[in-house]
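**Q** Input: one structure, supplied below.
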Amino acid sequence: MPVLYAYYACMQTIQIDDQVFAELSHRATGFHVAPNDVLRRILNLQTPASPQPHPSPQPPASMPVASTLPEFIGSERFQRHHQTIDRFLAILGWLHSADPKRFSEAVLGFHRGKRLYFAKSEEEVLQSGDSITAKPIPQSPFWALTTLDNKSKRIVIEDVLRALGYSAGDINLVVAELPDSGIRRSHGRARLLGSL
């Protein structure tokens, strides 16, 4: 039986069933992405140029917030993510928005063993191993393997950044933002990098 879930962004109401609502929630989890943003991405819609009647205090998730990687890492939008997995996916999302074509080439060509780390669907990632999970990369058509410890996330991000041509300084900055619990960021990023 369909259940009514109402969203009043523009005083419009849509009726969706529990399964659709659960999938929207799954795709929006952890990134402060509204169901409307998820639907826009799925439907390939551009962000409207005109201001919304009821603007959110946060910038819309589809708008770029920084022109360089260090600016993004220092932004409130990135720093509000406290979980390493959310930071990992937020960085991947920004990299995609900065250069979709090169990002696509870098991640679709990324392989380590039998596992598929990036794909255009959740199913592709899940079929590459047992007991693994995948999450959507924000503002992109890609999914990422997320059943990784934090050290592995750092290695993957470092390899992707290197493939995209980022400098050692930018790579060090990003890797230091994906610490294990108990690693203090103030103690040399070099120590963290040396363990990879």
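The values are calculated or read from the model by the stated rules, or taken from the named source; none is laboratory data. Because the structure is predicted, anything quoted here is derived from the model rather than measured. Note: ideal-geometry Cβ built from the backbone for every residue, glycine included; neighbour counts use all protein chains shown. With ligands, DNA and RNA removed, areas are computed over all heavy atoms of the protein, side chains included. Shrake-Rupley method; radii C 1.70, N 1.55, O 1.52, S 1.80 Å.
**Q** Is it true that Arg184 is at pLDDT below 95, assigned to a loop (DSSP other than H, G, I, E, B), on the phi < 0 side of the Ramachandran plot and more than 22 Å from the chain's Cα centre (by Cα)?
**A** So Arg184 passes the test.
**Q** Any residue in the stretch 78-97 that is buried (at least 18 other Cβ atoms within 10 Å of the Cβ) sitting within a Cβ distance under 9 Å of a residue that is among the small types (Gly, Ala, Ser) and assigned to a helix (DSSP H, G or I)? List the pairs, counting only those 6 or more apart or interchain.
**A** Note: pairs meeting the criteria are Phe78/Ala90; His81/Ala90; Leu95/Ala106; His96/Ser104.
**Q** Sticking with this structure for a sec: Every residue in the stretch 98-128 that is open to solvent by less than 10 Å² (accessible area, probe 1.4 Å) and more than 14 Å from Asp159 (Cα to Cα), please.
**A** Within the stretch 98-128, Ala119, Val125 qualify.
**Q** On to the next question. Which helices (runs of 4 or more DSSP H) does the stretch 78-168 wholly contain that include 2 or more residues that are under 11 Å from the mean Cα position of the chain (by Cα) and not β-branched (Val, Ile, Thr)?
**A** Correct list: 84-98.
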